[in-house]
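J.: Quick one: the structure is below, and I'll ask about it shortly.
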Amino acid sequence: MKNMFKLALLGSTATFMVTSAFAQTGADTYKAKCQMCHAADGTGNTPAGKAMKAVSFMSPDLVKKSDADLIAATENGKGKMPAYKGKLSDAQIKDVIAYIRTLQKKK
């Protein structure tokens, strides 16, 4: 009985660790996939961002865009930005857009 309890505890701990390892916040995804072009602050002020003419997330036109518009641009690509549909899950894309909105509020 004691061994069964240890095994059950070990199993639930392993499940938590695996789930936690794959859980990623919008900020984490942004840093891994977006920051190289869009910059940490969302201004696009990076060498790659300048080369690709990344629009600042602080741009009034972009701030006015709906979340659905930003999700579509992320999924399908826009300008020189590649499409992320199939590379990121729907949840990751939504979380990134929510994170971008927090950047917009900081400025």
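J.: Take region 38-81 and flag every residue that is within 17 Å of the chain's Cα centre (by Cα), at pLDDT 95 or above and charged (D, E, K, R).
T.: Correct list: Asp41, Asp67, Asp69, Glu75.
J.: Let me ask something additional. Filter region 30-67 down to the residues that are of a type in the set (D, E, K, R), part of a helix (DSSP H, G or I) and closer than 15 Å to Val96 by Cα and list them by number.
T.: Lys31, Lys33, Asp67
J.: Looking at region 69-107 only, could you name the residues that are under 16 Å from Gln24 (Cα atoms), in a helix (DSSP H, G or I) and not β-branched (Val, Ile, Thr)?
T.: Asp90, Ala91, Gln92, Lys94, Asp95, Ala98, Tyr99
J.: Hey, another quick one. Among (1) of a type outside the set (D, E, K, R); (2) modelled with pLDDT under 95; (3) under 13 Å from the mean Cα position of the chain (by Cα), which single condition is Phe5 missing?
T.: The number of the failed condition is (3).
The values are calculated or read from the model by the stated rules, or taken from the named source; none is laboratory data. Note that this is a predicted model, so its numbers are computed, not measured.
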